[in-house]
Amino acid sequence: MSPLSFTHNAFAMRVIFGAGRISELNMEVERLGLSRVIVVCTATKVKTGELLSNLLGSRCCAVYPRAVMHVPHGIVDQACEYVQEEAVDGCVAVGGGSSIGLAKAIALRTKIPILAVPTTYAGSEMTPIWGITTAAGKAIGRHPDVLPRSVLYDPELTLTLPPAASAVSGINALAHAAEALYAPDISPISDAMATEAARLLYTALPTVVGNPVDIASRNTALCGAWLAGACLAITTMSLHHKLCHIIGGAFNLPHAETHAVILPRVLEYNLPASTHAFGALSTALNHPDPVAATYAVISDLGAPQSLRDLGMPKAAVDRVLKEALAKPYANPRTVDETSLGSVLQAAYWGTRNCAFGD
Ligand code: NAD
């Protein structure tokens, strides 16, 4: 980052953070001037949806438990129709990126505001990025209307997230922080947030997975996820996110698990080209070799190790390679067919990408 030159684009949103603070939900909805909201969640989180509905009392007109992964456009159409017919004036989205993703798609079309209550570490609540899947694939865009007005983080709501899901979701967040550290639009603020996010996540995740009901480590991990999500919002992501987007979209592989497989291999390739990111991650992880530390923590957390284990067909490696080379994007190290092929082969087989380590 020397000499210093940057553009920092801050987003106006309010964050409420702390164990037990879900009790302030109704006050927060009132503050936003809303009187007829729906609680958007997935089918498996209906109980949490009902808990929030009870806290909201007469301000809640329904729990809407129809969010699913990747935001299919048919569900968006139905939800928007419901919002219009029932004169809904806001969405309280509770859950992970899927619930928040449906609320964003509703907000994009109907312009009603969102209050997000995240219960994973995916970070969507901090970004103006929306995604909607049609037969042609997942369309992605940015729009200020989809940025939640308020985000209420209550670590107690994450206690039910199973260890395996917590591990990969935490690595998903770590990936936002890591790529922010070599982003072309890094600023002193994103740099500080990314370094702290990586430190918090790396410190907390082993306890979160080993003792999922430990509220102190849940608190730390969720705080790291918040900062990492804020980095995702204000910096340009690189090779790691590009590969995860292509792989997730084309083969419907699970989002967070794909991040866990790709992250160490991309860092192994990219970090030798970014002295700054290497140093910041060394500091954050308190380890002289942040690549080795990332491989080790992912393995210790029991996260998936290979795209093969996630069910990606071997022939798909070539397709991902071609798509990833087709359109240029920001990356600290030049990528060509040989180097990217090596990253993808390592990710497919679950090996280290030693061919291009430095
Ligand atoms: P998810 O929202 O699909 O959640 C995974 C599962 O965990 C769901 O069944 C959910 O109900 C359950 N769950 C969530 N919180 C729980 C809890 N506390 N206890 C028990 N179960 C819980 O998964 P995700 O990884 O959070 O989000 C992935 C999606 O978010 C992807 O579609 C991805 O593209 C999107 N995403 C978008 C952005 C953005 O900025 N737009 C950022 C990150 C991720």
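The values are calculated or read from the model by the stated rules, or taken from the named source; none is laboratory data. Just so it is clear, the model here is predicted, and its values are computed rather than measured. Positions of Cβ are generated from backbone atoms using ideal geometry, with glycine treated the same way; all protein chains shown enter the neighbour counts. Heads up: the accessible areas ignore ligands, DNA and RNA and are worked out on the full protein's heavy atoms, side chains in. Shrake-Rupley method; radii C 1.70, N 1.55, O 1.52, S 1.80 Å.
Quick check on my filter: what residues within the range 272-300 are buried (at least 23 other Cβ atoms within 10 Å of the Cβ) and of a type in the set (D, E, K, R)? Passing the criteria: none in range. Mind listing just one residue for me: the one in the range 49-76 that is more than 16 Å from the ligand (Cβ to nearest atom), hydrophobic (A, V, I, L, M, F, W, C) and part of a helix (DSSP H, G or I) and, of those, farthest from Leu32 (Cα to Cα)? Selected residue: Leu55.
If you go through the range 25-37 one residue at a time, do you hit one that is without any contact (Cβ under 8 Å) to a residue 12 or more places away in the chain and open to solvent by less than 80 Å² (accessible area, probe 1.4 Å)?
We begin by selecting, within the range 25-37, every residue without any contact (Cβ under 8 Å) to a residue 12 or more places away in the chain; these are 27, 33.
Those left that are additionally open to solvent by less than 80 Å² (accessible area, probe 1.4 Å): 33.
The answer is yes, given that some residue of the range 25-37 is without any contact (Cβ under 8 Å) to a residue 12 or more places away in the chain and open to solvent by less than 80 Å² (accessible area, probe 1.4 Å).
The residue of the range 15-48 that is nearest to the ligand (Cβ to nearest atom), among those that are more than 21 Å from Ala221 (Cα to Cα), in a loop (DSSP other than H, G, I, E, B) and small (Gly, Ala, Ser), is Gly33.
Inspect the range 186-194 for any residue being in a loop (DSSP other than H, G, I, E, B), open to solvent by 30 Å² or more (accessible area, probe 1.4 Å) and at pLDDT 95 or above and give the result as yes or no. Outline the logic, then answer.
First, the residues of the range 186-194 that are in a loop (DSSP other than H, G, I, E, B): 186-187.
Those left that are additionally open to solvent by 30 Å² or more (accessible area, probe 1.4 Å): none.
The answer is no, given that none of the residues of the range 186-194 is in a loop (DSSP other than H, G, I, E, B), open to solvent by 30 Å² or more (accessible area, probe 1.4 Å) and at pLDDT 95 or above.
Taking interchain pairs and intrachain pairs at least six residues apart, which have beta carbon atoms under 8 angstrom, with the first residue in the range 315-336 and over 27 Å from Thr235 (Cβ atoms) and the second open to solvent by 30 Å² or more (accessible area, probe 1.4 Å)? Final answer for the pair search is Ala316/Ala250; Ala316/Phe251; Val317/Gln345; Arg319/Ala250. For the range 94-130, residues that are farther than 12 Å from Val40 by Cα and more than 14 Å from the ligand (Cβ to nearest atom) total 5. Is it the case that some residue within the range 77-93 is within 20 Å of Ile16 (Cβ to Cβ) and within 13 Å of the ligand (Cβ to nearest atom)? Yes: one or more hits. Close contacts from the range 164-181, counting a first residue that is free of Cβ contacts under 8 Å to residues at least 60 places away in the same chain and more than 10 Å from the ligand (Cβ to nearest atom) and a second that is open to solvent by less than 10 Å² (accessible area, probe 1.4 Å) and outside any helix (DSSP H, G or I), with Cβ to Cβ under 6 Å and a gap of 6+ residues or different chains, come to Ala180/Thr235. Restricting attention to the range 77-95, the residues that are touching a helix residue (DSSP H, G or I) at 6+ places or on another chain (Cβ under 8 Å), more than 19 Å from Leu25 (Cα to Cα) and either open to solvent by 30 Å² or more (accessible area, probe 1.4 Å) or in a strand (DSSP E or B) (or both) total 1.
Select from the range 140-185 the residues that are farther than 23 Å from Val297 by Cβ and touching a His at 6+ places or on another chain (Cβ under 9 Å) and write down the one among them that is modelled with the highest pLDDT. Per the criteria, the residue is Asp185. When the range 9-23 is filtered for residues that are open to solvent by 50 Å² or more (accessible area, probe 1.4 Å) and out of contact with any strand residue (DSSP E or B) (no Cβ under 6 Å at 6 or more places or on another chain), the ones remaining, listed by number, are Asn9, Ala10, Phe11, Ala12, Ala19, Arg21, Ser23.
Here is a check on your reading of the model: is Ala303 of a type outside the set (Lys, Arg), surrounded by 19 or more Cβ atoms within 10 Å (Cβ to Cβ) and not in a helix (DSSP H, G or I)? Give the derivation first.
Details: of a type outside the set (Lys, Arg): yes; surrounded by 19 or more Cβ atoms within 10 Å (Cβ to Cβ): yes; not in a helix (DSSP H, G or I): yes.
Yes: the conditions hold for Ala303.
Ser98 satisfies every condition listed in (1) surrounded by fewer than 24 Cβ atoms within 10 Å (Cβ to Cβ); (2) closer than 21 Å to Gly20 by Cα except (2). Under the condition of being touching a Pro at 6+ places or on another chain (Cβ under 9 Å) and without any contact (Cβ under 8 Å) to a residue 60 or more places away in the chain, the residues counted in the range 104-137 number 4. Count of the range 131-151 residues, restricted to those that are in a strand (DSSP E or B) and either within 14 Å of the ligand (Cβ to nearest atom) or over 23 Å from Gln78 (Cβ atoms) (or both), is 11.
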